[in-house]
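Have a look at the structure below before the remarks.
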Amino acid sequence: MKSKYTALTAALLMSLSVGAQIDESYEVATWHGFKTSAVSYTFDDNTSNQLPVALPLFDQYGFKVTLYTVTNWGPDWTALQKASNNGHEVASHTISHPSLPSISAEEQEAQLQQSQSTIRSNVQGAEVLTLAYPNCNIGDLATIEKYYIAGRVCSGQIISAKPGDYYRLSSMIVGSQGEVNSTSAFQTKVELAKSSGGWAVFLIHGVDNDGGYSPVASSVLSEHVDFMNANSDDYWIGTFAEVVKYIKERESISISESAITADSLKVTISDGLEDALYNQAVSIRRKLPVNWSTASVYIDGAAIESDVQSENGISYVVFDAVPDQGVITIGSAGGPAIALATPNDIPPVAFHPNPFSDTIQIKSGGSFKYSIYSLTGQQLSSGEGNNSIFVGKSLPSGTYLVRVNDHSSISQFKIVKQ
């Protein structure tokens, strides 16, 4: 795990921890990976050069983007499925791109709900939790909140690390009709995000000569993503939904320690948010206890990626964790945490068949509890089983999240009913 600590990052860490219930030995990063700022690239209107020309420029460095799709404008569902499988966000730009304030609340609901359901039906695994307002005009807030966790406007500002309104998150228009129309203009904006510790969101339509609004040259995009890769220590590039989830989790997180011994620490990380919905890993660091030279981190007995780094003469163990996803133990090298149960010691949870058409069988060693959620986080059913149980008969076709608690671990899976 690469990270770079700066005085600005440290100041933000301190200010963000004031209102949270965080053990004094821990710090939660303002941005994932302890980067100085966040950057998101959002593409609107599914113009023809976005997927074949622009997306490979980001893929070469593993950067993930958000594709705001108008469902009645002939989207390439096969290509969008491939993009989603590769970690890009496929999200809503309504059915037909109307200005939301100009239509009735009933029409708005149809545009929002049907856009979401159409994308989910055509892009398996897509959560579709964020919305780009057509022409940047927000509609009926109560209706929007029923389906989405955040919405994007285009007021041209860098977003604060603590946004005041998740449904009016700003973006900056790229291309011939916007202020971000050159490599230097891109650089100016991301450096502003870096200096303020904020979040830069770019709004991209046309690419080269594909006929889209406010086109930007692919050569400009290429030069910019090369710059971002060369300066990746400073910038976390995340999808719009990833950054929203991260901020909400970071602002709600609680961290406490128990069962402290000379060479192991048991840690509880929670955020009070809906677990099936808020599943973004948060970056955390903990000061190494006295006489520890190194450390490893485990979730439910399985080792996860961690790193020991130093800043101003203080050593930290740095790791990423999703709140409420299991028992976390930090152990010194050679301590008892190394001998914790491995995944092979824990009865596996299995589903069969998946996808399914009638019912799906959940199998787990011994007794367990389960809950089934929609992709928007609504709990649909729950119950208990002993070794196995058949569920899902009353579910309509779609993709769902299942959370299984077998008393030694908590696991989360996606299931698909055809």
Residue that is outside the structural domain of Ala276 (by TED's automatic domain parsing), within 23 Å of Leu277 (Cβ to Cβ), assigned to a strand (DSSP E or B) and modelled with pLDDT of 85 or more, where the choices are Ser394, Ser371:
Ser371
Subset of the stretch 192-221, residues touching a strand residue (DSSP E or B) at 6+ places or on another chain (Cβ under 7 Å) and among the hydroxyl-bearing types (Ser, Thr, Tyr), comes to Ser214, Ser218
Do we find that Leu192 is surrounded by fewer than 21 Cβ atoms within 10 Å (Cβ to Cβ) and either of a type outside the set (Val, Ile, Thr) or under 30 Å from Leu277 (Cβ atoms) (or both) in this structure?
yes
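Rundown of residues vs (1) of a type in the set (A, V, I, L, M); (2) part of a helix (DSSP H, G or I); (3) more than 19 Å from Val90 (Cα to Cα), yes/no style:
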site	(1), (2), (3)
Gly156	no, no, yes
Gln177	no, no, yes
Gln187	no, yes, yes
Ala193	yes, yes, yes
Gly211	no, no, yes
His224	no, yes, yes
Asp233	no, no, yes
Lys245	no, yes, no
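Here's the yes/no breakdown for (1) within 15 Å of Val267 (Cβ to Cβ); (2) without any contact (Cβ under 8 Å) to a residue 60 or more places away in the chain; (3) surrounded by 19 or more Cβ atoms within 10 Å (Cβ to Cβ); (4) not acidic (Asp, Glu):
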| position | (1), (2), (3), (4) |
| --- | --- |
| Leu288 | yes, yes, yes, yes |
| Gln309 | no, no, no, yes |
| Val317 | yes, yes, yes, yes |
| Gln325 | yes, no, yes, yes |
| Ile330 | yes, no, yes, yes |
Taking the condition of being in contact with a strand residue (DSSP E or B) (Cβ under 6 Å, 6 or more places away or on another chain) and over 16 Å from Lys417 (Cα atoms), how many residues in the stretch 384-402 meet it?
5
Within the stretch 168-222, which residues are within 22 Å of Cys136 (Cα to Cα), touching a Leu at 6+ places or on another chain (Cβ under 6 Å) and of a type in the set (Ser, Thr, Tyr)?
Ser171
Scan the stretch 362-389 for residues that are in contact (Cβ under 8 Å) with a residue 24 or more places away in the chain, within 15 Å of Asp406 (Cβ to Cβ), surrounded by fewer than 17 Cβ atoms within 10 Å (Cβ to Cβ) and touching a Ser or Thr at 6+ places or on another chain (Cβ under 8 Å) and jot them down.
Lys363, Lys369, Asn387, Ser388
Any residue in the stretch 110-122 that is surrounded by fewer than 21 Cβ atoms within 10 Å (Cβ to Cβ), within 26 Å of Ala38 (Cβ to Cβ) and without any contact (Cβ under 8 Å) to a residue 40 or more places away in the chain?
no
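The values are calculated or read from the model by the stated rules, or taken from the named source; none is laboratory data. Note that the structure is predicted; figures quoted are calculated from it, not measured. Quick reminder, even Gly has a Cβ in these numbers, built from the backbone with ideal geometry, and neighbours come from all protein chains shown.
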